[in-house]
Amino acid sequence: MTRSVSIFGATGSIGQNTLDLIRRNRDGYRVVALTGGRNVDRLAADAREFGAELAVTCFEACLPALRAALSGSGIAVAGGAAALMEAADRPVDWTMSAIVGAAGLAPGFRALRHGCTLALANKESLVTAGPLLMAEARAHGARILPVDSEHSAVFQALAGEDMAAGERIIITASGGALREWPLDRLAEATVAEAGAHPNWEMGQRITIDSASMFNKALELIETKEFFGVEPEQIEAVIHPQSIVHALVGFRDGALMAHLGAPDMRHAIGYALHWPDRRALPVARIDLARLATLEFRAPDLARFPALRLAREVMATGGGAGAVFNAAKEVALDQFIAGAIKFTDMSPLVEATLDAMSREIRLADAMDSLETVLETDHLTRIRARDLARSRQEQTT
Ligand code: NDP
């Protein structure tokens, strides 16, 4: 049976890995919509190769180039945020949500309306709007499947089990590119150094987030929202080999671990074929060759983002949306060379403090519009704070 699929963020790292799997079983899928951003050539080439019905760039300024690249192909083209929503309105069986950042929230949310399976790589959706997203899925009979490797691993470890019998969830972290750097050198880290992941091939933003552990901080919150567990039940441990992705601890003391090569096609393929488990083109692990699997507790002085995530989980409500937006601004500032690697966490913390004086952070987000408004206000506040800090230091 042919499955209809749309991929949001098709030109990115997750999107390309998804297309790689689809390419290997071309007749099994009908590609409806592909979306991208600035990488118009990639988007156009993929839209042609996969015979997509619609190609969308989220940036209106890129639309003329996309139109030119797809002229004569018969593929519909569109651009801008509204066009992303139109793509989400096209009914499909399976949607990949792999836009980076909070920009991925609205299209994924919209796609749930037609009751599809939403493969969720965009962790920001759960961090900013977890309860709303899960309720929207329930309301429309849609299913959300996790694609983040840790959450896919937990999901797999729980197969056939009841989370009521689960005591704790342990997600692992490689520790990122700078994990062995002396603490007093971290402030000097460049974008290239922070963006060179030891184990995973990923987009630039998530790779830098791995070095700062903001990625793991988001994943702690994502775990709470997706699996409905208490913050105290979730742990993060450093595991430099990135072979064990997560473990679930049960009340009889058993720990179920998920092991796999660090290759996102595993988690993507699991979500694509679920509930089947089909063959995937990923490396097989040779335990004897691997010999050692190390685990250690993360140092909170090195990774203050983890402490902030605990505070955000304890607050609930709009704290996740504020945390994520502040983190995105801090990351933009670091990538632009405006702040140091070690300035990101203090900027996020200062933004959380400032926003807690403006809105009641603990109040539940009652609609998608409230989440987007909170995101918008937070970005303004975070940029203001970054600017005034820069002025103080110059
Ligand atoms: P990439 O940066 O590689 O790709 C991001 C995609 O989103 C691209 O298609 C990009 O278009 C598009 N995009 C960028 N900005 C916008 C915007 N404002 N509106 C709409 N689309 C936009 O990211 P990744 O694939 O690494 O990550 C995607 C998501 O998956 C993130 O949420 C990340 O946290 C999550 N994730 C990623 C993993 C990985 O291994 N990469 C692992 C687990 C989760 P273009 O490039 O054409 O400009």
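Scanning the stretch 198-221 for residues that are aliphatic (A, V, I, L, M) and near the ligand (Cβ under 10 Å from one of its atoms) gives MET202, ILE206, LEU218. Checking each residue in the stretch 1-43 for being touching a Gly at 6+ places or on another chain (Cβ under 9 Å), more than 13 Å from the ligand (Cβ to nearest atom) and not in a helix (DSSP H, G or I) picks out MET1, THR2, ARG3, ARG30, VAL31.
The set of residues in the stretch 1-38 that are among the polar types (S, T, N, Q), free of Cβ contacts under 8 Å to residues at least 40 places away in the same chain, under 23 Å from GLY101 (Cβ atoms) and touching a strand residue (DSSP E or B) at 6+ places or on another chain (Cβ under 9 Å) contains only THR11. Of the numbered criteria (1) touching a Ser or Thr at 6+ places or on another chain (Cβ under 8 Å); (2) assigned to a loop (DSSP other than H, G, I, E, B), the one THR351 fails is (2). Might you let me know whether the stretch 198-210 holds any residue that is basic (Lys, Arg), surrounded by fewer than 17 Cβ atoms within 10 Å (Cβ to Cβ) and assigned to a helix (DSSP H, G or I)? The answer is no; no qualifying residue exists.
Taking the stated definitions as given, is ALA246 at pLDDT 95 or above, outside any loop (DSSP other than H, G, I, E, B), away from the ligand (no atom under 12 Å from the Cβ) and buried (at least 23 other Cβ atoms within 10 Å of the Cβ)? Talk me through it step by step, then tell me what you get.
Working: at pLDDT 95 or above: yes; outside any loop (DSSP other than H, G, I, E, B): yes; away from the ligand (no atom under 12 Å from the Cβ): yes; buried (at least 23 other Cβ atoms within 10 Å of the Cβ): yes.
For ALA246, the condition - at pLDDT 95 or above, outside any loop (DSSP other than H, G, I, E, B), away from the ligand (no atom under 12 Å from the Cβ) and buried (at least 23 other Cβ atoms within 10 Å of the Cβ) - is met.
Determine, yes or no, whether LEU84 is touching a Pro at 6+ places or on another chain (Cβ under 9 Å), within 14 Å of the ligand (Cβ to nearest atom), within 18 Å of ALA106 (Cα to Cα) and not charged (D, E, K, R). Against the criterion (touching a Pro at 6+ places or on another chain (Cβ under 9 Å), within 14 Å of the ligand (Cβ to nearest atom), within 18 Å of ALA106 (Cα to Cα) and not charged (D, E, K, R)), LEU84 qualifies. Within the stretch 322-344, the set of residues being in a helix (DSSP H, G or I), more than 27 Å from VAL237 (Cβ to Cβ) and of a type in the set (Gly, Ala, Ser) comprises ALA325 only. Considering every residue within the stretch 62-74, establish whether at least one is touching a residue at least 12 places away in the same chain (Cβ under 8 Å), surrounded by 15 or more Cβ atoms within 10 Å (Cβ to Cβ) and within 9 Å of the ligand (Cβ to nearest atom). Checked the stretch 62-74: at least one residue is touching a residue at least 12 places away in the same chain (Cβ under 8 Å), surrounded by 15 or more Cβ atoms within 10 Å (Cβ to Cβ) and within 9 Å of the ligand (Cβ to nearest atom). Just to be sure before I move on: is GLY28 on the phi > 0 side of the Ramachandran plot, at pLDDT 95 or above, of a type outside the set (Ser, Thr, Tyr) and surrounded by fewer than 17 Cβ atoms within 10 Å (Cβ to Cβ) in the structure I sent? Against the criterion (on the phi > 0 side of the Ramachandran plot, at pLDDT 95 or above, of a type outside the set (Ser, Thr, Tyr) and surrounded by fewer than 17 Cβ atoms within 10 Å (Cβ to Cβ)), GLY28 does not qualify.
Considering only the stretch 102-197, give the helices (runs of 4 or more DSSP H) lying wholly within it that have at least 3 residues that are more than 14 Å from the ligand (Cβ to nearest atom).
On the way: elements: 105-111, 123-139, 149-157, 191-194.
It comes to 123-139, 191-194.
Screening the stretch 78-94 for residues that are assigned to a strand (DSSP E or B) and either in contact with a Cys (Cβ under 7 Å, 6 or more places away or on another chain) or among the polar types (S, T, N, Q) (or both) and picking the one that is farthest from ARG143 (Cα to Cα) gives GLY79.
If you go through the stretch 314-337 and keep only what is in contact with an Asp or Glu (Cβ under 9 Å, 6 or more places away or on another chain) and among the aliphatic types (A, V, I, L, M), you end up with ALA319, ALA321, VAL322, ALA325, ALA326, ALA330, LEU331.
The C-beta contact set for the stretch 210-222 (first residue at positive phi and touching a residue at least 60 places away in the same chain (Cβ under 8 Å), second residue part of a helix (DSSP H, G or I) and surrounded by fewer than 24 Cβ atoms within 10 Å (Cβ to Cβ), distance under 6 angstrom, 6+ apart or interchain) comprises MET213/LEU306. Pairing each residue of the stretch 311-332 that is within 18 Å of PRO131 (Cα to Cα) with any residue that is among the acidic types (Asp, Glu) and assigned to a helix (DSSP H, G or I), provided the two are 6+ apart or on different chains, yields C-beta distances under 7 Å for ALA321/ASP375; ASN324/GLU124; ALA325/ASP375.
Got at least one residue in the stretch 220-232 being more than 16 Å from PRO198 (Cα to Cα) and among the hydroxyl-bearing types (Ser, Thr, Tyr)? Checked the stretch 220-232: at least one residue is more than 16 Å from PRO198 (Cα to Cα) and among the hydroxyl-bearing types (Ser, Thr, Tyr).
Hey, does the stretch 228-238 have a residue that's under 18 Å from PHE341 (Cα atoms) and not in a loop (DSSP other than H, G, I, E, B)?
no
Of the residues screened, ASP286 is one that is loosely packed, with under 15 Cβ neighbours inside 10 Å, of a type in the set (Asp, Glu), at pLDDT 95 or above and over 22 Å from PRO146 (Cβ atoms). Taking into account only those residues within the stretch 159-187 that are under 30 Å from GLY115 (Cβ atoms) and touching a helix residue (DSSP H, G or I) at 6+ places or on another chain (Cβ under 8 Å), which is surrounded by the fewest Cβ atoms within 10 Å (Cβ to Cβ)? Per the criteria, the residue is MET163.
The values are calculated or read from the model by the stated rules, or taken from the named source; none is laboratory data. Worth saying up front: this structure is predicted, and the values here are computed from it rather than measured. Note that each Cβ is placed from the backbone with ideal geometry, even for glycine, and that neighbours are counted across all protein chains shown.
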